[in-house]
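Asker: First, the structure itself, so that you have it in front of you.
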Amino acid sequence: MNMKDWQNLIMYGDCLDAIRSYREMLSGQVRLIYIDPPFFSGTDYTLKSRSGADRKSAGVLREKETYSDKWEGGLEEYLEFMRVRLEAMKPLLKEDGSLWVHVDGHVSHYIKVILDEIFGYSNFVNEIVWKRTNSPKAQSKGFGSQHDVILLFAANASKFRTNQVYRDHDEKSRKPYSYEDDKGKFRLIEIEAQGIQRTEGRKQFEWRGRRAPYLYRKETLDDWWNMNLIYKSKNGRYTKKQYLSNVPGIVVSDLWIDIPPVQGLSKENTGFLTQKPESLLERVIESATDPGDLVVDFFAGSGTTAVAAMATNRRWILCDSSEAAITVAKERIERTYRSVSYSLVKV
Ligand SMILES: C[S@@+](CC[C@H](N)C(=O)[O-])C[C@H]1O[C@@H](n2cnc3c(N)ncnc32)[C@H](O)[C@@H]1O
């Protein structure tokens, strides 16, 4: 198979076999690999679906097994399973590509060490903490877990860049925008050196009747003045107006607390128990890739990565070893994007 033979691709089978079968085609082609593999949770996962529900009856709730996260050989077997697959994934990445591994505290530290070995410690970029629930279960020992971890490694940290992403303003971030004029709400930004900077023999100059250690050149201050962006306080001090409408949001850090889990009644819920939110995948994709790039998910589950890639105009490959997962993903992708074009291969 050739890259030109398909627009998007679903691979049904073990991702290690998929990588071995398509290594040549994919080598150095992938901008982003996101994986959400089994977490060593000791659980058999199911797909819940309800049929025959009407106003009088709740219908029948069916549970079908999708995949098992039980490991007879314990942690050692799990880590070996992950190691060979992570090793196989790395050569598929482009030089400016990255791998995002979604796990939780059961194994995140072991996986970090394995990734350090495979990618090199210097290519570790971030440990992202995603708050995945507002209501952790009460525990008699220790504390209820409320977060997952996403480990981000660059194929080559010197070539890797993220696109800046923002989250919506919240009550706290809106608070400083307490001033208002005909252009809307604004806050005040210092244009004079403050604190220790002020006393370190910094040059002062006179501007519009006030002598101060300004942080900007006179010409810049004049431009802002002409654009009505300078605010003069009662005591004659100048500051710059920053309008809320000009700030795209809060710059996202490594603490992701604003993306809720998939809600029971939401349109995106497929009944797949470990399904991740589309907005989580959209953030990952938008920060690590550009439109047209190829995004791969080797543990695809219900196909969240493909739906998020379609929403952001990226090409995608999904792989999963569970027939039930492939069925759910296919139905979901076709329902969400009726004119989607993809090929399906069994590995
Ligand atoms: C945690 S789920 C992924 C959920 C997905 N992120 C979503 O939003 O629906 C993990 C998936 O990995 C699949 N899986 C387990 N072992 C695999 C393997 N060796 N190769 C490919 N897929 C595998 C399981 O069938 C399961 O669907």
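Asker: Would you please give the FRET efficiency between Ser158 and Glu63, computed as 1/(1 + (r/R0)^6) with r the Cβ-Cβ distance and R0 = 35 Å, to the nearest 0.05?
Answerer: Numbers: r = 48 Å, r/R0 = 1.38.
The value I calculate is 0.15.
Asker: Right, here's the next one. Please report the Cα spread of the chain along all three principal axes, rounded to whole Å, starting with the longest.
Answerer: Result for the chain: principal-axis Cα extents of 76, 56, 50 Å.
Asker: Of all DSSP beta bridges located in segment 118-206, what percent are antiparallel, nearest 5?
Answerer: Numbers: 10 of 10 bridges.
Among the beta bridges of segment 118-206, antiparallel pairing accounts for roughly 100 percent.
Asker: Could you work out the relative contact order of the chain, using alpha carbon pairs under 8 angstrom and six or more residues apart, expressed as a whole percent? Could you put the intermediate results ahead of the total?
Answerer: Details: 624 pairs, mean separation 86.6, N = 347.
RCO, the chain: 25 percent.
Asker: Taking the Cα centre of the chain as origin, work out the dipole magnitude from +1 charges on Lys and Arg Cβ and -1 charges on Asp and Glu Cβ, in debye rounded to 20. Walk me through the intermediate numbers first.
Answerer: Values: 52 positive and 48 negative charges, 362 e Å.
About 1740 debye.
Asker: Where does each of 25-36, 79-90 land if you order them by average Cβ count within 10 Å, highest first? If you can, show how the numbers build up before the last one.
Answerer: Numbers: 25-36: 20.2, 79-90: 17.0.
Answer by packing, highest mean first, reads 25-36, 79-90.
Asker: Test of the criteria: in segment 172-239, which chymotrypsin sites (Phe, Trp or Tyr not before Pro) are in a DSSP loop and have at most 14 other Cβ atoms within 10 angstrom of their Cβ? Before the final figure, lay out the partial values.
Answerer: Details: sites: Tyr177, Tyr179, Phe186, Phe205, Trp207, Tyr214, Tyr216, Trp224, Trp225, Tyr231, Tyr238; in loops: Tyr177, Tyr216.
Within segment 172-239, the qualifying chymotrypsin sites (Phe, Trp or Tyr not before Pro) (loop, at most 14 other Cβ atoms within 10 Å) are Tyr216.
Asker: Assuming a ≥ b ≥ c are the square roots of the Cα gyration tensor eigenvalues, decide whether segment 171-246 counts as rounded (a/c under 1.5), prolate (otherwise, with a/b larger than b/c) or oblate. Before the final figure, lay out the partial values.
Answerer: Values: a/c = 2.30, a/b = 1.56, b/c = 1.47.
It comes out prolate by the Cα gyration axes.
Asker: Next up: How much length, in nm to one decimal, is gained on full extension between Ala138 and Tyr179, taken as 0.36 nm per residue of separation minus their Cα-Cα distance?
Answerer: Numbers: separation 41, 0.36 × 41 = 14.76 nm, distance 4.33 nm.
Net length gain for the segment: 10.4 nm.
Asker: Is there a pair in Lys183/Lys232; Lys112/Lys175; Lys159/Lys218; Lys90/Lys276; Lys276/Lys330; Lys48/Lys141 whose C-alpha atoms are over 28 Å apart, and which pairs would that be? Working shown, then result.
Answerer: Details: Lys183/Lys232 17 Å; Lys112/Lys175 38 Å; Lys159/Lys218 38 Å; Lys90/Lys276 23 Å; Lys276/Lys330 16 Å; Lys48/Lys141 30 Å.
Violating the 28 Å Cα-Cα cut-off are Lys112/Lys175; Lys159/Lys218; Lys48/Lys141.
Asker: Once you list every other residue whose beta carbon is under 13 Å from the beta carbon of Gln146, what net charge do they have if Lys and Arg are +1 and Asp and Glu are -1? Walk me through the intermediate numbers first.
Answerer: On the way: positive: Lys131, Arg132, Lys137; negative: Asp104, Asp148.
Within the 13 Å Cβ shell, the charges total +1.
Laboratory data are not the source of any read-out in this text; all were calculated from the coordinates shown. Computed from a prediction, not measured in an experiment: that's the story for all the values here. Note: ideal-geometry Cβ built from the backbone for every residue, glycine included; neighbour counts use all protein chains shown.
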